[in-house]
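Here is the structure we will look at.
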């Protein structure tokens, strides 16, 4: 079935590999989605030990030198009547970086501000709700938890694997990855979505 667009996203872990999985549905006139077609696109079923799978091509391994992820919100240009039809993660300057198919913006990888994650506790120990702690054009590196808080034995931040969708499903004009936490804790990396403004297809009654 043609005319599919992205309607949601989530992180999924399979065979020790994190994937960014998309939800899709058929786009109808005036920005509507055919709800009977909405589905999660199956992720590739491979293992890092498979003979034809290569590090740096099929997946990215975090190392001391390359353990970061860019925190961005990317969307279509103002006034551009486009929606997201696909997305992927790539490695840019040693960090994971999100792109989507219809983006016409050049990669902005200069003057990024690093999010400080030093001496933080395990995220799941917090009794408070996580709040957004990052802004566009920042990045973070996965590090160990604080020595005093957790004997530096846990990798932070955690990955949030909740579904990021709308009800009912709608087309997306953009997508992003951000960092959320509560003060003193390691927090979570999570995807976010920017819904498409369908008001441009609605005529005002005279």
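The values are calculated or read from the model by the stated rules, or taken from the named source; none is laboratory data. Values in this document were obtained by computation on a predicted structure and should not be read as measured data. Virtual Cβ from ideal backbone geometry, glycine too; neighbours counted across all protein chains shown.
For this structure, a couple of remarks:
- Scanning region 42-67 for residues that are exposed (fewer than 14 other Cβ atoms within 10 Å of the Cβ) and not in a loop (DSSP other than H, G, I, E, B) returns a single hit, 55.
- Whichever residue in region 68-80 is part of a loop (DSSP other than H, G, I, E, B) and surrounded by 17 or more Cβ atoms within 10 Å (Cβ to Cβ) and, among such residues, is modelled with the highest pLDDT: 72
- Of everything in region 12-41 that is surrounded by 19 or more Cβ atoms within 10 Å (Cβ to Cβ) and touching a strand residue (DSSP E or B) at 6+ places or on another chain (Cβ under 8 Å), the residue that is nearest to residue 99 (Cα to Cα) is 22.
- In region 171-206, the residue that is nearest to the chain's Cα centre (by Cα) out of those that are at pLDDT 95 or above and not in a strand (DSSP E or B) is 187.
- Counted residues, region 120-140 - those being farther than 20 Å from residue 193 by Cβ, surrounded by fewer than 16 Cβ atoms within 10 Å (Cβ to Cβ) and in contact (Cβ under 8 Å) with a residue 24 or more places away in the chain: 3
- For residue 83, the criteria (1) in a loop (DSSP other than H, G, I, E, B); (2) in contact with a strand residue (DSSP E or B) (Cβ under 7 Å, 6 or more places away or on another chain); (3) modelled with pLDDT of 95 or more hold in every case but one, which is (3).
- Residue 157 vs. criteria crowded, with 22+ Cβ neighbours inside 10 Å, closer than 25 Å to residue 88 by Cβ, modelled with pLDDT of 95 or more and touching a helix residue (DSSP H, G or I) at 6+ places or on another chain (Cβ under 9 Å): yes
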